[in-house]
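Okay, so here's the structure we're looking at.
Just so it is clear, none of the values below were taken in a lab; they were calculated from the coordinates. None of the values given here were measured: they were computed from a predicted structure. Neighbour counts run over all protein chains shown; Cβ positions are idealised from the backbone, glycine included.
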Amino acid sequence: MDTSKISFGEMIAGVGGLLLFLFMFLKWYGVEADGTELVAANAWESFSFIDLLLFLAALVAVAVTAARAAGRLPALPIPPGQLVAIAGALAVVLVLFRLIFTPGGGEEVAGVEFEVTRKLGVFLGLLASAAIAFGGYTAMNERASGEAPPE
């Protein structure tokens, strides 16, 4: 692996992808009743499909960066930076959606109101997703303007 082949944007996207994957194991949501936390869940436990899309976005960012470093980036129908930027933007939209609209919540059972709270993981996931999108966008512009390292 030759890291000198990786542009700044690709490095940001790759690190963002790795961090998103790791942050998905942190607690994203908690369920409280009367101010007492009953349970907390990570992204894998909280979602049924969004977690797979976030994993795919992280995988795309890391795979493009690793393939570029190895000098084995295959020919793609769109520029790799653009692919990573799209994957990152999708991840940002999904995390923002789930940040605004938490899974479940605000329900009352037997006179006890259950509230879904946001935990640190969802905010770190949003930052990592933004890093993927920013890195992909930056890599796309670096390659277009010729500022990126030679291939």
Fill in: Prolate/oblate/rounded label for the stretch 13-65 (Cα gyration tensor, a/c 1.5)
prolate
Discussion item. Which trypsin sites (Lys or Arg not before Pro) in the stretch 1-82 sit in a loop by DSSP (not H, G, I, E or B) and have at most 12 other Cβ atoms within 10 Å of their own Cβ?
Written reply: R72
Discussion item. Using alpha carbons only, how many angstrom separate the centre of the stretch 25-39 from the centre of the stretch 52-85?
Written reply: 35 Å
Worksheet item: For F114 and F49 in one chain, what is 0.36 nm times their gap in residues minus the Cα-Cα distance, to one decimal in nm?
Response: 21.0 nm
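Quote the charge dipole size of the stretch 3-145 about the Cα centre in Debye, to the nearest 20; the model charges only the Cβ of Lys and Arg (+1) and of Asp and Glu (-1).
The dipole of the stretch 3-145 has a size of about 1020 debye.
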Worksheet item: For the residue pair A70 and L96, what label-to-label distance in nm results when each label sits 7 Å from Cα along the Cα-to-beta-carbon direction?
Response: 3.4 nm
Item to complete: Compute the longest continuous run of the chain that contains no exposed chymotrypsin sites (Phe, Trp or Tyr not before Pro); treat a site as exposed when its DSSP state is not H, G, I, E or B and it has at most 15 other Cβ atoms within 10 Å.
Response: 50-100
Fill in: Percent of C-alpha pairs per 10 Å bin, the chain, short to long
12, 37, 25, 15, 7, 3, 0
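What value, in deg cm²/dmol to 500, does the helix sum -39500 (n - 2.57) over DSSP H runs of n ≥ 4 give at 222 nm once divided by the residues of the chain?
That calculation yields -19500 deg cm²/dmol at 222 nm.
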